[in-house]
Amino acid sequence: MKQYKYLILLIGFCSTFLSAQTRLSKDEAVGITLENNYDILVSTNNVKIAENNASIYNSGYLPNLFVNGNGSFQDSQRDSEFLDGSTFVSNINSEVLNGSVGVGYNLFDGFGRKYNYKRLKEQYNLSEVQAKQVIELSVLQLLQAYYEVARLTQNKINQEISLGISKERLTREKYSYEFGQNTILDVLNSEVNVNNDSITILNTDRLLSNAKRDLNVIAGRDINIDFEVDTLVEYNLGLNLTSLIGSAKKDNKDLQQAEKNIALSNYDLKISKSTLYPSLDLSSSYSLNNTYNQTDVGNPFSLIRQNSKGIQAGVNLTWNIFDGGFTKTRIQNAKIAIENNEILKEQIEQDLERNISNAWETYQNALYILQAEKKNVETNQRNFSRSEEQFKLGQIISIEFRLAQTNYLNAVTNYTLAKYSAKVAELVLLQLSGQLLGANY
């Protein structure tokens, strides 16, 4: 029954600790991050901008409608003097009013409008992939912070239990000293151990507070919100390297972006070639003009008024036979850009397969270390239980008991680190394969 003593203490301490704070589950933390993370919000807005750019209103397929109007008014007096000395004064009044409404439309531009519109659609698809990558990386960062909080929480709980053991030993040493069974040196050593354990808890508590603030920043909420996390870890069973590589070639966001960039480069090439063709524009307008002139108010024959209205239509054909070689240069550069993007895709594929293989080996190594540390905990637990019995019977000194206690605490701490390190290695592996979202966190 002795081996269950500290388990009971651990459960009791966890219940008291968790009841004082708000519990934040992994799913809740991910949900808050998806709603409030700053990088995710910016990437979402970028998707909206790309969606606006890819709309029909930015395609060039719609006609241009325009309305023009202008007017002028003149009221002046002119004095004229002749050679015989006579003078003549005349008044000049004039009004001019013009208005027109028209429409213009590009009938053909060498398919440049068509490919530009498709390019905008592909740019929107690229922005969606980029947004999903930001979400993946933000969720991964959030979960890494979450498990760091969990690790430090577990360490603090273990250290609190160890402090309780040290305080119990200090009390026993004081009683033994009072009855003359040991020296003051044993009491002082126990006091030093209690102080060291207290300092360790203070440092862990500081690191835990910092880790919680880091998590709150990633989640996009008030950094001073206090919370408790779930320290339980569940691993995704059934993972294998072949399926992960296959998933990565289909779902990895870096690879998807490389494919989108190749498509964009192809559209750039087609847009550049469109300037080799002629451009045909259609225009039509309806205009109304009203002119009124009067050079001499006293002479009715000097009054002139003119009204005109009518429809105008025209077709304009433009063909730039030679533009000094600018189009040829753009076409050549577009072809090189396609080649570069294809090379980059091959590089990404190779890097991705290497990264997944490395991540897989790291994950397998972490799982092996986890099992080894678990056995180490069991061994040190048995050693500590025997040492405790022998210490109470006076068969070992306090320094030996302290060594067994320290070894047990270190073993538990290492096991906790291995447990969360293995989970983080698994999450990195899932992110590289494009399977992080929706996986078992």
Checklist entry - Once all Cα-Cα distances of region 96-234 are split into 10 Å bins that start at 0, what whole-number percent is in each one? => result 10, 19, 16, 13, 12, 9, 7, 5, 4, 3, 2, 1, 0
Next on the checklist: What whole-number volume per residue, in cubic angstrom, does the convex hull of the C-alpha atoms of region 301-441 give?
Outcome noted: 398
Checklist outcome for this item: The answer for region 344-441, accessible area per residue at 1.4 Å probe in Å², is 53
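Quick one: accessible area per residue over region 212-328, 1.4 Å probe, rounded to a whole number of Å²?
62
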Item to check | Computed over region 104-186, Cα set: Rg, Dmax in Å | outcome: 34.4, 109
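Given R₀ = 22 Å, what would the calculated FRET efficiency be for ASN36 paired with LEU437, taking r from the Cβ atoms and rounding to 0.05? Before the final figure, lay out the partial values.
Numbers: r = 17 Å, r/R0 = 0.78.
After rounding to 0.05, the efficiency reads 0.80.
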Checklist entry - If packing is taken as the mean number of other Cβ atoms within 10 Å per residue, what is the order of 180-190, 360-370, highest first? => result 360-370, 180-190
Checklist outcome for this item: Here the FRET efficiency for TRP319 versus SER284, based on Cβ atoms and R0 = 35 Å and rounded to 0.05, is 0.95
Checklist entry - In degrees between 0 and 90, to the nearest 10, how far off the longest principal axis of the chain does helix 253-274 point, with axes built from Cα atoms? => result 10
Item to check | Nearby lysines by direct alpha-carbon distance to LYS328 (threshold 19 angstrom, same-chain neighbours under 8 apart not counted) | outcome: LYS270, LYS273
Checklist outcome for this item: The simple spin-label model distance between LYS392 and LYS374, using points 7 Å out along Cα→Cβ, in nm, is 3.0
Checklist entry - Which of the listed residues, ASN196, ILE184, TYR235, is farthest toward the dipole's positive end in region 137-256, when Lys, Arg count +1 and Asp, Glu count -1 at the beta-carbon? => result TYR235
Item to check | Cβ crowding within 10 Å averaged over residues, with 25-31, 409-415, 425-431 ranked highest first | outcome: 425-431, 409-415, 25-31
Item to check | Listed residue (ALA313, LEU367, GLY394) projecting farthest to the positive dipole end of region 313-407, Cβ model | outcome: GLY394
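Taking only the Cα atoms of the chain, how large is their convex hull per residue, in Å³? Write out the running numbers ahead of the final one.
Numbers: hull volume 133.6 nm³, N = 441.
Hull volume normalised by residue count: 303 Å³.
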Checklist outcome for this item: Rounded to the nearest 10, the angle in degrees between the Cα long axis of helix 241-251 and the longest principal axis of the Cα atoms of the chain comes to 20
Checklist entry - Rounded to a whole number, what is D in µm²/s for region 191-268 from Stokes-Einstein with the Kirkwood radius over alpha-carbon pairs (37 °C, 0.692 mPa s)? => result 183
Item to check | Stretchable slack from ILE184 to SER198, in nm (0.36 nm times residue separation minus alpha-carbon distance) | outcome: 2.9 nm
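Got a number for carbon plus sulfur as a percent of the chain's accessible area, 1.4 Å probe?
Result for the chain: 54 percent of the exposed heavy-atom area is carbon or sulfur.
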Checklist entry - By how many degrees, 0 to 90 and rounded to 10, does the Cα axis of helix 184-219 deviate from the longest principal axis of the chain? => result 20
Item to check | Dipole magnitude of the chain, debye to nearest 20 (Cβ charges: Lys/Arg +1, Asp/Glu -1, about Cα centre) | outcome: 1140
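The values are calculated or read from the model by the stated rules, or taken from the named source; none is laboratory data. Since the structure is predicted, the reported quantities are computational estimates derived from the model, not experimental observations. Note that each Cβ is placed from the backbone with ideal geometry, even for glycine, and that neighbours are counted across all protein chains shown. Ligands, DNA and RNA are excluded from the accessible area calculation, which covers all protein heavy atoms including side chains. Shrake-Rupley method; radii C 1.70, N 1.55, O 1.52, S 1.80 Å.
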